[in-house]
Amino acid sequence: MPNTEKIALVPATNLERRVKRQVWALEHDFFAVTAPGLEELCAAELKALGLTQIEPQPGGVAFRGRWECLYLANLWLRTAGRVLLRLKDFRVHNWSDLPRQAMAVPWEVYLPAGGAVRVQVALRESNLKHSGRVAEEILGAAAQRLASLGLEPPVLAEGATDEALTIMARGAGRRASISLDLTGEHLHRRGYRLDPGQAPLREDLAAALLMLCGYDGQVPLLDPLCGSGTLAIEAGLLARGLAPGLGRAFKVEGLPCHRAPAFAHLQKKAAEKTRAQAPLPIEGRDRSAPALATARANALRAGLGQDLVFAKADFFKADPPAWGPGLVVINPPYGKRLGSVREAEEFAARLGRRLREAYAGWRCGVVLYLPNWAELLGLKRTSQLVAPHGGLKVTLLAGDL
């Protein structure tokens, strides 16, 4: 009978040294993936976290730093979807460049022995052809590397499984990259919205609209068409300084290179920064009682049950809150809920009239599903960005009334 315990112990000892030398002691290249249009906001978030080597790029933000920077990004980023570790970025002259670069990755410090792995490949006019073969080469290199060290090689994940790690290979022209997803489930899935309601605004876009408006919790806020409450809840998280990644798990926690004490320390520091309550009122209104019930339940799951007020009211009839002026943020209904495009445009015009009549002196943030509707609102000193949402492109517009 072979001495399997001895075989396992030697790699484990070597592995610890490799992790310290090749991961914890070095700076790394990371990439925060965002929806197109949110790159500059995400870069500003990373800068606010104290990072300095930051470069917005199409589809996200590249940044460089020690391993702890990854934990900060996963804990705090509101406008990003996931954080990738750039394992390799290389020039492709011919096919042999791929296996050579893949073999040079120290897979043993990143992949758990025997773990399930999927390889996602995206090629655009790349010198690398055949995405299936690209995936096979990368997985084969990882398996060979781990097996050579006496570690159980990774296995290809079968079907859709949340347990698998994702390796991402990208090829465009004469360049290619290999990355590892260190986040897992999309960062915009904060965990509080079990019941999303009708046509909900994605959490990262809600946070982006608030950031575009300059919201930091130091002015009162009203969402008069709150639906399931996403805008009000994201405002509550910002106002209380709650890290959106607290209380959730990340893929990095299952890797050999995970630095658990450092992560626990950063989680503790994030929790200590949380304010006991929102400093100023945050109110959501809607004329639908079921929508308000959903919003209240979502707010409770987000830990904001005592910070947000939800009330039944018709925006076009109810007076503004007595505590105003402040910031009014709106994700108007659209699509089948309003009927034709003409009816939706008429609603936007009506919305603009009501804002100008009742909310003069307020700051305003609106999600627009057609950019030309911006002029119907009559906002001044505006700023805007365009981002994809639900198969559409929406315009996030901020300005003064």
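The numbers here are math on the coordinates, done by the rules we state, and not lab data. No experiment lies behind these values; they were computed from the predicted model shown. Heads up, the Cβs are rebuilt from the backbone with ideal geometry, glycines too, and the neighbour counts pull from every protein chain shown.
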(message) Please rank Ser228, Ser179, Ser148, fewest neighbouring Cβ atoms within 10 Å first, as an exposure proxy.
(response) Ser148, Ser179, Ser228
(request) Report the calculated FRET efficiency for Lys268 and Val309 (r = Cβ-Cβ distance, R0 = 30 Å), to the nearest 0.05. (result) 0.45
(message) Ignoring chymotrypsin sites (Phe, Trp or Tyr not before Pro) that are buried or in helix or strand per DSSP, and keeping those with at most 15 other beta carbon atoms within 10 Å, what is the longest stretch of the chain between them?
(response) 96-315
(message) Need one number: nm distance between label points at Glu27 and Lys129, each 7 Å from Cα along Cα→Cβ, rounded to one decimal.
(response) 4.0 nm
(request) Calculate the spin-label point distance for Ser288 paired with Trp323, positioning each point 7 Å from the Cα along the beta-carbon direction, and give it in nanometres. (result) 2.5 nm
(message) Starting from 0.36 nm per residue, how many nanometres of slack lie between Arg17 and Leu392 once their C-alpha separation is accounted for?
(response) 130.1 nm
(message) Given axes a ≥ b ≥ c from the Cα gyration tensor, I'd like to know whether region 1-149 is rounded (a/c under 1.5), prolate (a/b larger than b/c) or oblate.
(response) oblate
(message) So if a site counts as exposed when it's one of the GluC sites (Glu not before Pro), its DSSP state isn't H, G, I, E or B, and it has at most 16 other Cβ atoms within 10 Å, what's the longest stretch of the chain without one?
(response) 186-401
(request) Tell me which residues come under 5 Å, amide H to amide H, from Arg66 once H is placed; ignore anything under 5 positions away on its chain. (result) His28
(request) Provide the descending list of Cα extents for region 328-401 along its principal axes, expressed in whole angstroms. (result) 33, 23, 17
(message) Rounded to the nearest angstrom and ordered from largest down, what semi-axes does the equivalent ellipsoid of region 42-98 get from its C-alpha gyration tensor (root of 5λ)?
(response) 26, 12, 10
(message) Below 8 Å, C-alpha to C-alpha, sequence gap of six or more: please give me the relative contact order for the chain in percent.
(response) 15 percent
(request) Mind checking region 298-389 for trypsin sites (Lys or Arg not before Pro) that DSSP puts in a loop (not H, G, I, E or B) and that have at most 14 other Cβ atoms within 10 Å? (result) Lys317
(request) Divide by every residue of the chain the summed helix terms, -39500 (n - 2.57) for each DSSP H run of at least 4, and state the resulting mean residue ellipticity at 222 nm, rounded to the nearest 500 deg cm²/dmol. (result) -10000 deg cm²/dmol
(request) Would you mind checking the pairs Lys312/Lys393; Lys269/Lys312; Lys47/Lys312; Lys268/Lys312; Lys47/Lys251 and listing those with alpha carbons more than 28 angstrom apart? (result) Lys312/Lys393; Lys269/Lys312; Lys47/Lys312; Lys268/Lys312
(message) At a 10 Å Cβ-Cβ cut-off, how would you order Ser96, Ser131, fewest neighbours first?
(response) Ser96, Ser131
(message) Can you compute the FRET efficiency between Asn372 and Gln120 using 1/(1 + (r/R0)^6), with r the Cβ-Cβ distance and R0 = 41 Å? Round to the nearest 0.05.
(response) 0.65
